[in-house]
Amino acid sequence: MKSIVIFGGAGFVGKHIIRRLAKNGYKIVVPYQRSIQEAKIRLLGVTGQIIPFRYSSLDDSRLRSILMDIDICINLKTTYDQKKGSFDKTIFKFNQKLLKILKLNKDLKQFIFFSGLGADIDNTSARSIAVYKSEKEAFKTINNVFVLRPGVIIGGGDLFLSRLLPIINMSFFVPLFGDGSKKFQPVFIDDVSTAVEFIIKNNITGKNIYELAGHRIISYKDFYDHISKCLNKTRVFIPVSFNLMKTLVNIGEKTPFSPLTSEQLLLFEKDNIIQNIDKSFKNLDINPQDTLQITKNIIEKQAF
């Protein structure tokens, strides 16, 4: 039975991955620092299979002991929810230290790192730069590395739709970032979790980057329009300049109630689509599901 550690496992993506991997009988440890609902995490598997583990830092001796006795490590800790200037510390420095520890585990089979479409050293996003540097550090340190670069992930309870649907449902006027012409390539959470399962079950080796996105490339304006039609609502989309949005977001970030961070806003300034088609879902024998139909299904289930 494989033993797996999942950093960031208590989040939306992590829970879906845990649920899928648990069905294969794997033992899963979920380290966490912020408070989580441990009982809900444990219920994703059978009794004793999922173990939430609170740790203070990577220097925690108990955590290091766990990391020396696992087959696979998955890191989902690439959150947007950070203060400005902290991404290098919370993402790159964290991964750099984690990888040094994992290198000491001679039995480690795989390291799976969640990145994102557009991760690039030349990116204007501090988060994307920190993530890209972490990718390079992983390839330099560990033998079998799998960098997964998903597009915007959607599914029941995802952060993107959870924030967007109520706005389009309740407001006649809906703000667009810029003119809404920038395109993105959303992906269904079940396809992403299936990709992780495939990599682990098939014992894939080597240093790999997979760009994971659905078949549909769509502009944000067209996606908003699709949602309004699914809701059976007539909506007017109002373009808002990025300069104005940046000002509003910067003000909002100084409060505890900011619905959007400046890093997230950068996603809307350029296309967020697959660039390198060398490795994608097709290399994992996965045919991604139609994200427009998935969105429609989510809306129907939530009965707006």
Of the conditions (1) in contact with a His (Cβ under 8 Å, 6 or more places away or on another chain); (2) more than 19 Å from residue 182 (Cβ to Cβ), residue 236 clears all except one; give me its number. (1)
Quick one: would you say residue 25 is over 27 Å from residue 140 (Cβ atoms), over 21 Å from the mean Cα position of the chain (by Cα) and loosely packed, with under 15 Cβ neighbours inside 10 Å? yes
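Could you please find all residues in the range 143-181 being basic (Lys, Arg) and either crowded, with 21+ Cβ neighbours inside 10 Å or modelled with pLDDT of 95 or more (or both)? First the steps, then the outcome.
Going residue by residue through the range 143-181, those that are basic (Lys, Arg) are 149, 163.
Within the range 143-181, just 149 meets the criteria.
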Yes or no: the range 114-125 includes at least one residue that is under 20 Å from residue 203 (Cα atoms), surrounded by 15 or more Cβ atoms within 10 Å (Cβ to Cβ) and under 21 Å from the mean Cα position of the chain (by Cα). yes
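For the range 75-95, indicate whether the set of residues that are under 25 Å from residue 201 (Cα atoms), hydrophobic (A, V, I, L, M, F, W, C), out of contact with any Pro (no Cβ under 9 Å at 6 or more places or on another chain) and not in a loop (DSSP other than H, G, I, E, B) is non-empty.
Of the range 75-95, the ones under 25 Å from residue 201 (Cα atoms) are 75-78, 95.
Those left that are additionally hydrophobic (A, V, I, L, M, F, W, C): 76.
After this cut, where a residue has to be out of contact with any Pro (no Cβ under 9 Å at 6 or more places or on another chain) as well, the list is 76.
Subset that is not in a loop (DSSP other than H, G, I, E, B): none.
No: zero hits.
Give the residue, chosen from 164, 159, that is more than 15 Å from the chain's Cα centre (by Cα) and farther than 30 Å from residue 206 by Cα.
Details: 159 fails: more than 15 Å from the chain's Cα centre (by Cα).
Only one candidate qualifies: 164.
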Counting only residues that are farther than 18 Å from residue 192 by Cβ, touching a residue at least 12 places away in the same chain (Cβ under 8 Å) and in a helix (DSSP H, G or I), the range 108-142 contains a total of 12
Would you check if there is a residue in the range 35-44 being closer than 17 Å to residue 142 by Cβ and either in contact with a helix residue (DSSP H, G or I) (Cβ under 6 Å, 6 or more places away or on another chain) or exposed (fewer than 14 other Cβ atoms within 10 Å of the Cβ) (or both)? no
Of (1) modelled with pLDDT under 85; (2) touching a strand residue (DSSP E or B) at 6+ places or on another chain (Cβ under 7 Å), residue 271 satisfies every one except (1)
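Just to confirm my filter: which strands (runs of 3 or more DSSP E) fall fully inside the range 1-74 and include at least 2 residues that are in contact (Cβ under 8 Å) with a residue 60 or more places away in the chain, hydrophobic (A, V, I, L, M, F, W, C) and out of contact with any Asp or Glu (no Cβ under 7 Å at 6 or more places or on another chain)? Show your work before the answer.
On the way: elements: 3-7, 27-32, 50-54.
Of the strands (runs of 3 or more DSSP E) lying wholly inside the range 1-74, those with at least 2 residues that are in contact (Cβ under 8 Å) with a residue 60 or more places away in the chain, hydrophobic (A, V, I, L, M, F, W, C) and out of contact with any Asp or Glu (no Cβ under 7 Å at 6 or more places or on another chain) span 3-7.
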For the structure I just gave you, tell me whether residue 81 is at pLDDT below 95 and more than 14 Å from residue 7 (Cβ to Cβ). yes
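The values are calculated or read from the model by the stated rules, or taken from the named source; none is laboratory data. Computed from a predicted model, the values in this text were never measured in an experiment. Backbone-built Cβ (ideal geometry, glycine too); neighbour counts: all protein chains shown.
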